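In what follows, a single structure is set out as structure tokens and then discussed.
The values are calculated or read from the model by the stated rules, or taken from the named source; none is laboratory data. Being a predicted model, the structure only gives us computed values, none of them experimental. Glycine also receives a Cβ, built like all others from the backbone with ideal geometry; neighbour counts cover every protein chain displayed.
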Amino acid sequence: MRSLLQALKNFAEPGPSINVNKVIATFPISPPVSITHFLRLLDRGGVLARLNGRYAKLVNELDLNSDTLVGLVDVHTHPAAHLGFGTELFYGPPDGDPSQVFGNCNGFHGGPGFFDNQEGNEIRRNVVDGIASQHYSPNWDHKRSGWPDFPAWPTWHDRLHQQVRVEMLERAWKGGLRLIVAHAVNSHTLAKVSQTRGPYDDKSSGDAQIAAIKEMVSGQAFMELALSPSDLRQIIGRGHLAVIIGVELDCIGNFYTAWDFSEFNPGLPHPQPAPSDAEIQAEITRLFSSGVRYFFPVHVTDNVFGGAALYEMTFNTANRYQFGSFFEAEPAPASSLIGFTFNPGESFWKKVFENIVQLASLGFDPQGYPPAPPTTTGHRNARGLQHRGQVVLDALMRVGAMIDVDHMGEKTVLDTLAYTKPVNYPVFAGHNLIRDSGGNERAHLIQVATEILDRGGVFGIGTTGGLSLLAKTISQLRNATSQGGIALGSDCSGMEQLPAERSAPAKTLTTATDYEQAGFVVYNDIPGAPFDALQRCQFGNRKEDIDSFGFSHIGMYPDFIEDGISSGLLTDGDVTELFNAPESVTSAWESCLNIASRMG
Ligand SMILES: [Zn+2]
Ligand SMILES: [Zn+2]
Ligand SMILES: [Zn+2]
């Protein structure tokens, strides 16, 4: 039980704008802090958004006047990605003393140095540079040093340094973040080609990340692990950050045989994985017992359950390496609006892989796949939901797990929606957008998104396209249906980029009025800023600035929402929609469990 003093202390933070004595003296008699509001604040562990800013007034009022859970929700983060990809590709744990564990990435990302970098690796450096230069120009000066000055990373366009440190999470929580889903993630192929120390396989990597996420949560007073929707009601109800564990793995349960097998067993046929129904059920039970409640049946490669979305040719190499064959593409129907073609020229990783293949053979030619059939529209994955996919969906529905249909190919998505339809099981699309004409399978058709929401499921809007795409997607979804929940899915510490700065403020802007008139975020250290302007984020010696440098890590959520309000790109209605997400996720999960209890 929290003491009244502690509750008052929480209520009073961050201090300057609220005086506890004054509140005690005035709350019983005068608005705006009525006794009902005061008791509600105590009940919720204090004010929701405590870093000030224009958005804070709106959402704090919303919180006070709502009978349901309020706060920001990010259903797609990867705080333990440092244990994925063979443990040496992604740098930095989410916790621990940053001066010890977040100081310099050279061992992971640098080339070898006999005297100064014995952990370094030239091939891995190539892969790292390939990822670092992808979707970003001009070339990024990848300085290796981190804490305390952080001259280069974390930054919005980088995907290989931790962006979900507990210090960052704590700031986002102080600004109103109330729930994250923390997913284990891995790529056997990337771990292998980057010559990491391993482990390479999805199961070992996933298990290590699940353990690390639990450890991270248990080390922080403001976070708690949520194993049920009633946990969510209690954790968010007391003003803490709830963490749900998820798995976004290519092959849950290691139901694959990576190409390493053929490398070590020349001449033998490559074994096809064939787990029994009981083995699949046992793996879901095992993961559920270890605390996982949110599952991706399919990630970026085909697996025994179904087919993956075709949108990035690099994954074709991974498919061959892990699944034993290249993707099989088929012409997409015109109604799918797909324009993506399965074309070797699409592979911006070609050069990186050619370098790697020269130095370290994959055992096959990554570009040596047969041409896809001709199409007048575009290509999609020919593989749909398999029998084993039905088995895994049954196993997940029986335990009331949250099922995410992102990354599935279109046929597997449609099959999954059809298979779960008879019980109207709510499903999740946790980091996605709406497919426009000429798009690819990674985004959902509006009809699919509508079906997800109409069932009471949740659509987590991917933040990578920034505020305008976020606003556009909110209105696309809300024009389609008023049902279901809208949340955010940043992929922080994952392979999606975070939002860039919109356009850096001109040097001539100096005062708060200048910034405000130009539609930028007014931080509290800008000359002339109001006393309740947004507090600036500082980690180590680095002061963050969303106006000039974009969304560099998860601690920038308050700045992102503030930027939406300041620029006018997000309406009050959009912000309200996003802050209603904890209630929608909780009720979606409650529906999952209700259906599970009827399934027996
Ligand atoms: Zn680095
Ligand atoms: Zn993903
Ligand atoms: Zn991800």
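Any residue in region 414-431 that is modelled with pLDDT under 95, more than 16 Å from ligand 1 (Cβ to nearest atom), aromatic (Phe, Trp, Tyr) and crowded, with 17+ Cβ neighbours inside 10 Å?
Taking every residue of region 414-431 in turn, none turns out to be modelled with pLDDT under 95, more than 16 Å from ligand 1 (Cβ to nearest atom), aromatic (Phe, Trp, Tyr) and crowded, with 17+ Cβ neighbours inside 10 Å.
With the structure loaded, tell me whether Glu88 is modelled with pLDDT under 80, touching a helix residue (DSSP H, G or I) at 6+ places or on another chain (Cβ under 9 Å) and closer than 28 Å to Gln163 by Cβ or whether it fails that test.
Criteria not met by Glu88.
Could you tell me which of the residues Arg178, Arg171 is under 30 Å from Asn580 (Cα atoms) and in contact with a Cys (Cβ under 6 Å, 6 or more places away or on another chain)?
Answer to the selection: Arg171.
Being closer than 28 Å to Val185 by Cβ, among the small types (Gly, Ala, Ser), at pLDDT 95 or above and surrounded by 24 or more Cβ atoms within 10 Å (Cβ to Cβ) narrows it down to one of Gly555, Gly540, Gly550, Gly564, so name that one.
After ruling out the rest, the residue left standing is Gly555.
Test of understanding: among Phe551, Phe560, which residue is in a helix (DSSP H, G or I) and either in contact with a Lys or Arg (Cβ under 9 Å, 6 or more places away or on another chain) or under 30 Å from Trp140 (Cα atoms) (or both)?
Just one listed residue meets the conditions, Phe560.
Sort out which residues of region 436-478 are among the β-branched types (Val, Ile, Thr) and in contact with a Pro (Cβ under 9 Å, 6 or more places away or on another chain), and write them in order of number.
The answer is Ile452, Val458, Thr463, Thr464.
Please find, within region 125-183, the residue that is nearest to Phe90 (Cα to Cα) out of those that are among the charged types (D, E, K, R) and either away from ligand 1 (no atom under 16 Å from the Cβ) or under 20 Å from the mean Cα position of the chain (by Cα) (or both).
Step by step, filter region 125-183, then rank; the result is Arg159.
Looking at Ile486, Ile452, Ile461, Ile446, which is the one that is at pLDDT 95 or above, on the phi < 0 side of the Ramachandran plot, away from ligand 1 (no atom under 16 Å from the Cβ) and in contact with an Asp or Glu (Cβ under 8 Å, 6 or more places away or on another chain)?
Ile486
Look at region 39-51 and say how many of its residues are over 25 Å from the mean Cα position of the chain (by Cα) and in contact (Cβ under 8 Å) with a residue 24 or more places away in the chain.
Summing the residues that are over 25 Å from the mean Cα position of the chain (by Cα) and in contact (Cβ under 8 Å) with a residue 24 or more places away in the chain in region 39-51 gives 8.
Looking at Pro499, Pro505, which one is more than 16 Å from ligand 1 (Cβ to nearest atom), over 23 Å from Leu417 (Cβ atoms) and at pLDDT below 95?
Pro505
Failed condition for Ile403, given (1) farther than 26 Å from His78 by Cα; (2) outside any helix (DSSP H, G or I), with all others met?
In the conditions (1) farther than 26 Å from His78 by Cα; (2) outside any helix (DSSP H, G or I), Ile403 misses (1) alone.
With respect to Ala81, is the statement that it is under 26 Å from the mean Cα position of the chain (by Cα), modelled with pLDDT of 85 or more and farther than 30 Å from Asp207 by Cα true?
Taking the combined requirement at face value, the residue does not satisfy it.
Here is a check on your reading of the model: is Arg197 more than 20 Å from the chain's Cα centre (by Cα), more than 16 Å from ligand 3 (Cβ to nearest atom) and basic (Lys, Arg)?
It is true that Arg197 is more than 20 Å from the chain's Cα centre (by Cα), more than 16 Å from ligand 3 (Cβ to nearest atom) and basic (Lys, Arg).
Of everything in region 148-182, what is among the aliphatic types (A, V, I, L, M) and more than 16 Å from ligand 3 (Cβ to nearest atom)? Give them in sequence order.
Result: Ala152, Val166, Met168, Leu169, Ala172, Leu177, Leu179.
Output the number of residues of region 119-153 satisfying the condition of being assigned to a loop (DSSP other than H, G, I, E, B) and in contact with a helix residue (DSSP H, G or I) (Cβ under 8 Å, 6 or more places away or on another chain).
9
Let me confirm something: among Ile131, Ile123, which residue is within 16 Å of ligand 3 (Cβ to nearest atom), of a type in the set (A, V, I, L, M, F, W, C) and touching a Leu at 6+ places or on another chain (Cβ under 7 Å)?
Answer to the check: Ile131.
Here is a yes/no grid of residues against (1) surrounded by 24 or more Cβ atoms within 10 Å (Cβ to Cβ); (2) assigned to a loop (DSSP other than H, G, I, E, B); (3) out of contact with any helix residue (DSSP H, G or I) (no Cβ under 6 Å at 6 or more places or on another chain):
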residue: Ala221; (1), (2), (3): no, yes, yes
residue: Leu227; (1), (2), (3): no, yes, yes
residue: Ser230; (1), (2), (3): no, no, yes
residue: Ile235; (1), (2), (3): no, no, yes
residue: Ala242; (1), (2), (3): yes, no, no
residue: Gly253; (1), (2), (3): no, no, no
residue: Thr257; (1), (2), (3): no, yes, yes
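Which of the residues spanning region 129-148 are among the charged types (D, E, K, R) and either surrounded by fewer than 13 Cβ atoms within 10 Å (Cβ to Cβ) or at pLDDT below 95 (or both)?
Across region 129-148, the qualifying residues are Asp129, Asp141.
Can you tell me which residues in region 95-109 are touching a helix residue (DSSP H, G or I) at 6+ places or on another chain (Cβ under 6 Å) and either modelled with pLDDT under 95 or away from ligand 1 (no atom under 16 Å from the Cβ) (or both)?
Within region 95-109, Asp95 is the sole residue that qualifies.
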